[in-house]
Amino acid sequence: MNPVPVWAQRAALLATLPVLALLPLPDFWITQLNYIGLYALVVLGLVLLTGVGGLTSFGQAAFVGIGAYTSAYLTVNMGLSPWVTVFAGLAITAVSALLVGWITLRMSGHYLPLATIAWGLSLYYLMGNLDALGKYDGILGVPSLMLGDWDLSRGRPFFVLCWALVLLGAFALLNLLDSRTGRAIRALKSATQMAEAMGVDTLRHKIGIFLIAALFASVSGWLFAHFQHTVNPSPFGLKMGIEYLFMAVLGGVGHVWGAITGALFTKLMEDQLQVWLPLWIGTSGSYEVIVFGVVLVLVLQYLPNGTWSLVDRWLPATPRQATWDNAATGKGPGLSERSKPAMGEVVLDVHQIRKQFGGLVAVNDISFQVRAGQIVGLIGPNGAGKSTTFNLVTGVLGLTSGTVTFRGEVISGSPSRVIAQRGMSRTFQHVKMIPDMTVLENVALGAHLRGHKGALSAMLGLDTAEEQRLLGEAARQLQRIGMGELLHEQAGNLAMGQQRLLEIARALCSDPALLLLDEPAAGLRHKEKEALAAVLHQLRSEGMSILLVEHDMDLVMDVTDHIVVMEFGTHLMEGTPEQVQQSPQVRAAYLGTDH
Ligand code: ADP
Ligand code: MG
């Protein structure tokens, strides 16, 4: 671990700002740095939204415009203080972002980029056509930000203010990404199905990061209006929206600090191009766009992690470690635990469930039960309908007919997130984890529903006690299945067997009443299978109820109490492992082909 505490590092970084401002840098450079800071604030939001969350917005400049225009209008026309109008800008931004996000984010993939383009364009024309906003001339005479008699809207004082906000924004995002909410956000790009199965409301989190990104942009707009002392539509148009995205990509979209290098690099390049391009090409047409495009392609080709990776290389290696303190785990109240069903009670009752894909009946009126403390195997040849049954039970697929009852409540028809809340947790046939998070963080995602702290507490660093408990629980589950040595390993570096165990630990982290495992032994080597069998035996001895879909007959016969056999979507037979092994029907359908 780094010996200097994080808060001290951050305080030191903030303290360098006034020192930098006192250095005899030419005013020109201070002004440049001020613009870079204004850009960086917007790009920070895009790092979260696009880099981490995988959602592309071309409309950030429009949110900058809302922040700028709101404050300009209210200070000039109504004489309000800029320290008040910033909140008005944030409020209007929030309402617009929630509206745009709520409408577009529930639709799949590409609607957001398109909608943000439409949004950016329409707001631009609105700003340019409203008389009250001065049409294309904009609003002039926007007052300075004053602190007593001190004008913060000029050169060096503005530099300190603007960059303090950039740094505070960056710290807030770093805090956020290292939190319960942050782990859910980091699952949005590539693992929404898994996140939903862990109880994460992915739509809410998408709207949330869209909102946060918009608010960052709005603050930048507020600063901009009082720095320029005038606003007009041109800096808030679509071209600028594209440029912000460009900065995020140049910085290295996944890195918080990349927002700063991206803004810096873009601004410097822009300035240089304005000087050199007319000399080379002879005209002052907007050839920058073409050069920008070429640079972007080159960066993506040769520096896929952006310009921040150039800087990062020279910094001391600080391995990403969720700040979990082993000693602190025992302290304070633990996480709440759900009441468990009594041994032998029916936990899962699957009744006549059916799934048709067009003409194909993949699951044909299947019924079976799982009792508390039992391990029930669901087997059958390839294509028998096991995975489909599994997805019907967990809410990933909708039923054609039939009912699924879990702990006495009908759950068929509920989404997987709601089913997870009731206490069913699962693993996936194709491992679904977040490769660039640590093992501990991945597993902690399973405990999502056992925490309550949201984005704001995380950004302000008010979630540490709960974090300790969530990460402590994740560590405990990893130790339970024998992976206590690998807590801080990147999940992507794990062998297949370890990845499957990680999924089991993650599912256990939700304190489930029923665990569903979809082919946990698929792709495992002999030794890994033995480790898996040991874990399953241990879970059984602890009284866990498990529904196991598995191909490996030795494993199924070894660990299950009861087996349901499917063939061509139908229920072939069920019984104890011995009965199934001896059944001529099953031999004909299944074992016969294997043995
Ligand atoms: P198993 O897991 O037992 O190998 P599955 O449940 O994956 O079997 O598949 C059962 C049958 O349903 C197969 O014939 C498969 O091709 C079909 N099937 C599964 N999912 C779909 C789908 N989304 N659309 C159409 N057919 C599907
Ligand atoms: Mg399958």
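The values are calculated or read from the model by the stated rules, or taken from the named source; none is laboratory data. What you see is a predicted model, and the numbers here were worked out from it, not measured in a lab. For neighbour counting, all protein chains shown are included, and Cβ atoms are generated from backbone atoms with ideal geometry for every residue, glycine included. To get the accessible areas, we keep the full protein, side chains included, count just its heavy atoms, and leave off ligands, DNA and RNA. Shrake-Rupley method; radii C 1.70, N 1.55, O 1.52, S 1.80 Å.
What the table shows:
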{"item": "Stretch gain in nm, segment Met496-Ile290, where the contour uses 0.36 nm per residue and the Cα spacing is subtracted", "result": "69.7 nm"}
{"item": "Approximate spin-label separation Val4-Met557, in nm, with each point projected 7 Å along Cα-to-Cβ", "result": "6.3"}
{"item": "Angle in degrees between helix 464-480 and the longest Cα principal axis of the chain, rounded to the nearest 10", "result": "30"}
{"item": "The stretch 346-591, relative contact order in percent, only Cα pairs under 8 angstrom and at least six apart counted", "result": "29"}
{"item": "Amide hydrogen neighbours beyond the local backbone of Leu55, cut-off 5 Å, H modeled", "result": "Thr50"}
{"item": "The chain: angle of helix 496-508 to the longest principal axis, Cα-based, in degrees nearest 10", "result": "90"}
{"item": "Within the chain: Cβ-based charge dipole about Cα centre, in debye rounded to nearest 20 (Lys, Arg +1; Asp, Glu -1)", "result": "500"}
{"item": "5 angstrom amide H check on Thr307, placed H, neighbours 5+ away", "result": "Gly251, Gly252"}
{"item": "Cα gyration tensor shape of the chain, rounded if a/c is under 1.5, else prolate or oblate by comparing a/b with b/c", "result": "prolate"}
{"item": "Cβ-placed point charges (K, R +1; D, E -1), dipole of the stretch 346-591 about Cα centre in debye, nearest 20", "result": "400"}
{"item": "Exposed GluC sites (Glu not before Pro) absent - longest run of the chain, DSSP non-H/G/I/E/B, at most 10 other C-beta within 10 Å", "result": "1-336"}
{"item": "Between the stretch 524-546 and the stretch 257-309, the alpha-carbon center distance in angstrom", "result": "55"}
{"item": "Segments 393-401, 213-221, 273-281 sorted - mean Cβ within 10 Å per residue, highest first", "result": "213-221, 393-401, 273-281"}
{"item": "Between 0 and 90°, nearest 10: helix 27-46 axis offset from the chain longest Cα axis", "result": "30"}
{"item": "Accessible surface of the stretch 338-495, 1.4 Å probe, proportion on carbon and sulfur as whole %", "result": "49"}
{"item": "J(HN,Hα) series, the stretch 59-72, from Karplus relation 6.51 cos²θ - 1.76 cosθ + 1.60, nearest Hz, glycine and proline x", "result": "x, 5, 4, 5, 5, 4, x, 4, x, 5, 5, 4, 5, 4"}
{"item": "Radius 13 Å from Cβ of Ile260, net charge of other residues (Lys, Arg +1; Asp, Glu -1)", "result": "0"}
{"item": "Farthest positive-ward along the stretch 26-235 dipole, Cα basis, beta-carbon charges - from Leu167, Thr181, Ala191", "result": "Ala191"}
{"item": "Cβ-defined net charge surrounding Val347, 10 Å radius [Lys, Arg +1; Asp, Glu -1]", "result": "+1"}
{"item": "Dipole axis of the stretch 346-591 (+1 Lys, Arg; -1 Asp, Glu on Cβ), positive-most option in Gly377, Val363, Ala474", "result": "Val363"}
{"item": "Charged-residue dipole, Cβ positions (Lys, Arg, Asp, Glu), the stretch 404-445 about Cα centre, Debye nearest 20", "result": "180"}
{"item": "For Leu145, distant residues with modelled amide H under 5 Å away", "result": "Leu152, Ser153"}
{"item": "Whole-Hz couplings from phi, Karplus 6.51/-1.76/1.60, listed for the stretch 200-215; x for Gly and Pro", "result": "7, 7, 5, 4, 4, 5, 5, 4, x, 6, 5, 5, 4, 4, 5, 5"}
{"item": "In the chain, lysine pairs with alpha-carbon atoms under 23 angstrom apart (chain gap of 8 or more, or interchain)", "result": "13"}
